[in-house]
Amino acid sequence: MICADPEAEHLSAQFGAAAVTKALRTVLARARARLSRPGEQVPSIADLLTAAAQDLADRHRESLMGVINATGVVIHTNLGRAPLAPEAVAAMVTVAGYGNLELDLEGGRRASRQDHLDSLIAEITGAQAGLAVNNCAGAVVLALAALGAGTPVIVSRGELVEIGGGFRVPDIVAQSGAQMVEIGTTNRTHLSDYDQALADHAQTRMILRTHPSNFRITGFTSAPSLKDLATFAHARGLLLIEDLGGGALVDLTPFGIAGEPTVQASLQAGVDLVVFSGDKLLGGPQAGIIAGRRDLIETLAKHPLARALRLDKLSLAALGATLRLYRPPNHPMSAVPVLRMLTQSAETIKARGLALQSLLAKVANLQIQIVVTEGFAGGGALPMQALSGFALQLSVPGLSAEDFARRLRTGASPVVGRIAQDRLLLEMRTVSDQELAPLASAIAQAIA
């Protein structure tokens, strides 16, 4: 009996008897199916136990794990968007046990978890107050539900975008209970279009402006400036809410990255509430941040959806730590990993590639070439901005690029590269210096 074998008993001690029995039944079923084909050999008990052990190991392997991002896409949605700064990770560890999430330590009374972020968001953005929930779409829903439920909300047709996962602005507006009023055309919207919408929908309370974080419409286009739109809205007693998406808190233009507005610029233009993501250009955890007028923020904080969408303690701690990296004397361009990767020089990227090439010099059969490539910010930010850099082009005789990439993805230390024109490329922009040694080891193991 297989289950009485010493190796089976060893597996039972490790994984439990029920799990081992199930694995053995699966292995035996596969073996019987193979034996129906001519020329198949009857497997030994040792072979069956080895197969069962592999099945058990695969089943008990963590499904969520860290990976090395060698795609060149800095804010990679499928890989968790922004990598956190060490300070943010440390803040999460600090509150992983008990923490004063909703406790005023001085008075010993219950407090709001938003107290940890309100003044910090205001300080960094220049707003009167701030609030954070679990993602940007949720923040938009909260703002519309709290301030515009049951009333018309004006949106330009050129801003009716679809974001990741198939979520669309019209669907988000509908979920809030507001009534969307489309104006203008895909490529051109004028202030007169807003005026006509107000004439047709007298109960309108707000205008929603959506920054095109994931796309650009080029050519024969026009739209009112944010300042002109704010002046228009306020002259008619309307609120202007902007879904800014990317969440840049620093101007990236001096680093050769143009066209991404900052949160501060939107507030200075007169926007009443700016909504943006925490895990894009800000460089923090997943969050939807709302900055703007204090009276509006207080209304949002009291809405029932604010509790349903609230941040957990780990995300709150990470977001607070990330925001503090924007305070002087910190230098966010070097302290925030996303900003550091986006703005690093080509020379730095090439040097990293040369260092990895040196580590791989003695790996047999591996062919290496450093090539010039282009990466992207990704994740709903800077859609038209290509980032020049360098990658290692790897190949092994007799091994296709697809198989090589799969071996790297499924190794003990997963590595995600990209394939271009049947070539496996490992982009150096999104690989840190600390990851070079484990990356070299993963490559060597993939072709062993």
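The values are calculated or read from the model by the stated rules, or taken from the named source; none is laboratory data. Small disclaimer: the values here were computed from a predicted structure and weren't measured. Positions of Cβ are generated from backbone atoms using ideal geometry, with glycine treated the same way; all protein chains shown enter the neighbour counts.
Mind checking whether some residue in segment 365-376 is in contact with a helix residue (DSSP H, G or I) (Cβ under 6 Å, 6 or more places away or on another chain) and surrounded by fewer than 22 Cβ atoms within 10 Å (Cβ to Cβ)?
First, the residues of segment 365-376 that are in contact with a helix residue (DSSP H, G or I) (Cβ under 6 Å, 6 or more places away or on another chain): 368, 370.
Going one step further and asking which of them are surrounded by fewer than 22 Cβ atoms within 10 Å (Cβ to Cβ), we end up with 368, 370.
Scanning segment 365-376, I find at least one residue that is in contact with a helix residue (DSSP H, G or I) (Cβ under 6 Å, 6 or more places away or on another chain) and surrounded by fewer than 22 Cβ atoms within 10 Å (Cβ to Cβ), so the answer is yes.
Select from segment 16-29 the residues that are more than 40 Å from the chain's Cα centre (by Cα) and loosely packed, with under 13 Cβ neighbours inside 10 Å and write down the one among them that is farthest from residue 54 (Cα to Cα). Restricting to residues being more than 40 Å from the chain's Cα centre (by Cα) and loosely packed, with under 13 Cβ neighbours inside 10 Å, the top hit is 29.
Quick check: anything in segment 107-119 closer than 28 Å to residue 378 by Cα, buried (at least 20 other Cβ atoms within 10 Å of the Cβ) and under 25 Å from the mean Cα position of the chain (by Cα)? Break it down stepwise before answering.
Going through segment 107-119, the residues closer than 28 Å to residue 378 by Cα turn out to be 117.
Remaining after also requiring buried (at least 20 other Cβ atoms within 10 Å of the Cβ): 117.
Filter again for under 25 Å from the mean Cα position of the chain (by Cα), leaving 117.
There is at least one residue in segment 107-119 that is closer than 28 Å to residue 378 by Cα, buried (at least 20 other Cβ atoms within 10 Å of the Cβ) and under 25 Å from the mean Cα position of the chain (by Cα).
Among 111, 96, 23, 90, which is the only one that is assigned by TED's automatic domain parsing to the domain that holds residue 278 and farther than 30 Å from residue 437 by Cα?
Details: 96 fails: farther than 30 Å from residue 437 by Cα; 23 fails: assigned by TED's automatic domain parsing to the domain that holds residue 278; 90 fails: farther than 30 Å from residue 437 by Cα.
Sole residue among the options that is assigned by TED's automatic domain parsing to the domain that holds residue 278 and farther than 30 Å from residue 437 by Cα: 111.
The residues listed here are 33, 46; of these, the one that is more than 20 Å from residue 7 (Cβ to Cβ) and either part of a helix (DSSP H, G or I) or touching a Ser or Thr at 6+ places or on another chain (Cβ under 7 Å) (or both) is 33.
So that you can scan it fast, the table gives a plain yes or no per residue for (1) out of contact with any Asp or Glu (no Cβ under 7 Å at 6 or more places or on another chain); (2) closer than 30 Å to residue 282 by Cα; (3) assigned to a loop (DSSP other than H, G, I, E, B):
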position: 352; (1), (2), (3): no, yes, no
position: 363; (1), (2), (3): yes, no, yes
position: 368; (1), (2), (3): yes, no, no
position: 373; (1), (2), (3): no, yes, no
position: 391; (1), (2), (3): no, yes, no
position: 411; (1), (2), (3): yes, no, yes
position: 430; (1), (2), (3): yes, yes, yes
position: 438; (1), (2), (3): yes, yes, no
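Among residues belonging to segment 275-304 that are surrounded by 20 or more Cβ atoms within 10 Å (Cβ to Cβ) and within 20 Å of residue 177 (Cα to Cα), point out the one that is farthest from the chain's Cα centre (by Cα). Restricting to residues being surrounded by 20 or more Cβ atoms within 10 Å (Cβ to Cβ) and within 20 Å of residue 177 (Cα to Cα), the top hit is 296.
Within segment 36-55, residues that are closer than 16 Å to residue 21 by Cβ reach partners that are among the charged types (D, E, K, R) and in a helix (DSSP H, G or I) with beta carbons closer than 6 Å, at six or more positions or on different chains, in the pairs 49/7.
Residue check: is residue 193 in the same structural domain as residue 305 (by TED's automatic domain parsing), more than 27 Å from residue 331 (Cα to Cα), surrounded by fewer than 16 Cβ atoms within 10 Å (Cβ to Cβ) and not β-branched (Val, Ile, Thr)?
Numbers: in the same structural domain as residue 305 (by TED's automatic domain parsing): yes; more than 27 Å from residue 331 (Cα to Cα): yes; surrounded by fewer than 16 Cβ atoms within 10 Å (Cβ to Cβ): no; not β-branched (Val, Ile, Thr): yes.
No.
Restricting 391, 335, 318 to those that are crowded, with 17+ Cβ neighbours inside 10 Å, in contact with a Pro (Cβ under 7 Å, 6 or more places away or on another chain) and aliphatic (A, V, I, L, M) reduces the list to 318.
What strands (runs of 3 or more DSSP E) lie completely within segment 168-284 and have 2 or more residues being aliphatic (A, V, I, L, M), farther than 30 Å from residue 321 by Cα and in contact with a strand residue (DSSP E or B) (Cβ under 6 Å, 6 or more places away or on another chain)? Talk me through it step by step, then tell me what you get.
Details: elements: 179-183, 206-210, 239-245, 273-277.
Here the list reads 179-183, 206-210.
In segment 112-159, what residues are free of Cβ contacts under 8 Å to residues at least 40 places away in the same chain and either in a helix (DSSP H, G or I) or aliphatic (A, V, I, L, M) (or both)? Before you say what the answer is, go through the steps one by one.
The initial filter retains those residues of segment 112-159 that are free of Cβ contacts under 8 Å to residues at least 40 places away in the same chain, namely 115, 119, 149-150, 157.
Selection gives 115, 119, 149, 157.
Somewhere in segment 66-89, is a residue farther than 30 Å from residue 385 by Cβ and touching a residue at least 12 places away in the same chain (Cβ under 8 Å)? There is no residue in segment 66-89 that is farther than 30 Å from residue 385 by Cβ and touching a residue at least 12 places away in the same chain (Cβ under 8 Å). For segment 1-15, filtered to residues that are small (Gly, Ala, Ser) and loosely packed, with under 13 Cβ neighbours inside 10 Å, the residue that is farthest from residue 44 (Cα to Cα) is 13. Only residues that are surrounded by fewer than 19 Cβ atoms within 10 Å (Cβ to Cβ) and touching a residue at least 60 places away in the same chain (Cβ under 8 Å) were counted in segment 321-331, giving 2.
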